[in-house]
Amino acid sequence: MNAQKILNEIEELHYWDARVLQMESSFFGDELRIVFEDTDFNVILLFTGCSKFSFVTSVDDRLKPLKELTKTQIPYFIQDVEITDVQIDGEDILKCNIFMPPLNVEVICNTILIEKE
């Protein structure tokens, strides 16, 4: 794995202050998909082989159901992405932290794919 290579690809997208449009988990947490806006397209970060993911936010952030928000009401904007190579139980994997206040996300996974839509 090369966390720095993946991070460089993400940083080339100039994600700072990009509005996050969607975050969803599939296959019992094996995949996590985060979609954010770029100038001319949306970017998909697809985390696969996830052994852990967590998100932390304030209680106030969840008082109104998020599914009722319009696109312009979504309060999440990416401020920072950190990716590091880690070894857990003898396996080389990736650890990613995404800061999008008031939401912070941590993902431990095998691969991170970057797609444009």
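General observations
- Pairs exceeding a 27 Å alpha-carbon distance, out of Lys71/Lys95; Lys5/Lys52; Lys71/Lys116; Lys95/Lys116: Lys71/Lys95.
- Contour minus Cα-Cα distance for Thr39 and Asn104 (0.36 nm per residue): 21.1 nm
- Whole-number percent relative contact order across the chain, with pairs defined as alpha carbons under 8 Å at least 6 apart: 31
- Computed label-point distance, nm, for sites Lys95 and Glu11 using a 7 Å Cα→Cβ extension: 1.9
- Qualifying GluC sites (Glu not before Pro) for the range 1-98 [loop in DSSP, other Cβ within 10 Å: at most 12]: Glu12
- Remark: the chain carries a charge dipole of roughly 440 debye about the Cα centre, counting +1 on each Lys and Arg Cβ and -1 on each Asp and Glu Cβ.
- Lys64/Phe27 FRET efficiency (R0 30 Å; Cβ-Cβ; nearest 0.05): 0.55
- Positive-end residue, the range 3-116 charge dipole about Cα centroid, Cβ charges, pick of Leu63, Thr48, Leu113: Leu63
- For percent of Cα pairs over 23 Å apart, the candidate list reads [x] 63; [y] 28; [z] 20; the entry that matches the value derived from this model is [y].
Only the coordinates and a few stated rules stand behind these numbers; no lab work does. Here the structure is a predicted model, which is why all the values come from computation and not from measurement. When we count neighbours, we look across all protein chains shown, and the Cβ atoms used for this are built from the backbone with ideal geometry, even at glycine.
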